[in-house]
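K.L.:
Have a look at this one before I ask anything.
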Amino acid sequence: MLKLKHIGGERVKGGNYWNFSTGERITIESGGVLPGDKSVTYYNAHPAVILLASPILGLVYATFLPFIGIAVLAKVVATKLFGGVIEGVSRVATFNWRPSEAYLAGKKHKKEAKDAEKKTEHKDSKENE
């Protein structure tokens with residue numbers, strides 16, 4: 001049976017082996033070991049097969065490109081329309097714990113800060129009278 005997928009470090013017969021993630025092509029003449037470890041994947045294919053597949057893959061990309069543009073546009077519009085709502089819901093739905101912040105002197109609460117501000121405004125208005 002014809003095996004197309006090979007892993008780095010595997011002993012293989014002669015041929016062209018392609019690493020699609022890096023675009024690297026390894027040519028092995030009569031037999032040898034593929035470079036790399038088990039995380040590297042090579043595919044055994046004749047260069048003519050790769051050349052014939054590239055226009056087909058380009059056509060698939062060009063076909064779906066308008067749909068990608070529509071999806072990006074829809075996301076931008078949804079973020080502009082519902083961004084504030086989603087942000088408000090996320091504040092309610094999650095707790096307010098931030099592990100990167102340290103409140104060594106204690107955390108000031110918003111209500112206490114407003115009350116203190118009102119007291120200082122009230123004192124200032126009495127002094128001005």
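The values are calculated or read from the model by the stated rules, or taken from the named source; none is laboratory data. It should be emphasised that the depicted structure is a prediction, and the values quoted were computed from it without experimental measurement. Every residue, glycine as well, gets a Cβ built from its backbone with ideal geometry; the counts of neighbours run over all protein chains shown.
K.L.:
Consider only pairs whose beta carbons are under 8 Å apart and that are at least six residues apart or on different chains; among these, list those whose first residue lies in the stretch 50-75 and is on the phi < 0 side of the Ramachandran plot and whose second residue is among the hydrophobic types (A, V, I, L, M, F, W, C).
P.N.:
From residues that are on the phi < 0 side of the Ramachandran plot, the pairs are Ile50/Trp18.
K.L.:
Output the number of the condition that Ser100 fails; it satisfies all remaining conditions of (1) loosely packed, with under 10 Cβ neighbours inside 10 Å; (2) in a helix (DSSP H, G or I); (3) at pLDDT 70 or above.
P.N.:
(2)
K.L.:
Continuing with this model, one more query. For the stretch 1-22: of the residues being over 17 Å from Leu51 (Cα atoms) and among the β-branched types (Val, Ile, Thr), which is surrounded by the most Cβ atoms within 10 Å (Cβ to Cβ)?
P.N.:
The qualifying residue surrounded by the most Cβ atoms within 10 Å (Cβ to Cβ) is Val12.
K.L.:
Could you grab the pairs with beta carbons closer than 9 Å, sequence gap of 6+ or different chains, first residue in the stretch 19-47 and in a loop (DSSP other than H, G, I, E, B), second one among the basic types (Lys, Arg)?
P.N.:
As it stands, the answer is Leu34/Arg11, since those pairs meet every condition given.
K.L.:
Within the stretch 37-49, which residues are surrounded by 11 or more Cβ atoms within 10 Å (Cβ to Cβ), among the hydrophobic types (A, V, I, L, M, F, W, C) and more than 28 Å from the chain's Cα centre (by Cα)?
P.N.:
Once the filter is applied, which keeps residues that are surrounded by 11 or more Cβ atoms within 10 Å (Cβ to Cβ), among the hydrophobic types (A, V, I, L, M, F, W, C) and more than 28 Å from the chain's Cα centre (by Cα), the stretch 37-49 yields Ala45, Val49.
K.L.:
A further question follows. Conditions first: (1) surrounded by 10 or more Cβ atoms within 10 Å (Cβ to Cβ); (2) assigned to a helix (DSSP H, G or I). Ala62 passes all but one, so which condition is the exception?
P.N.:
For Ala62, the failing item is (1).
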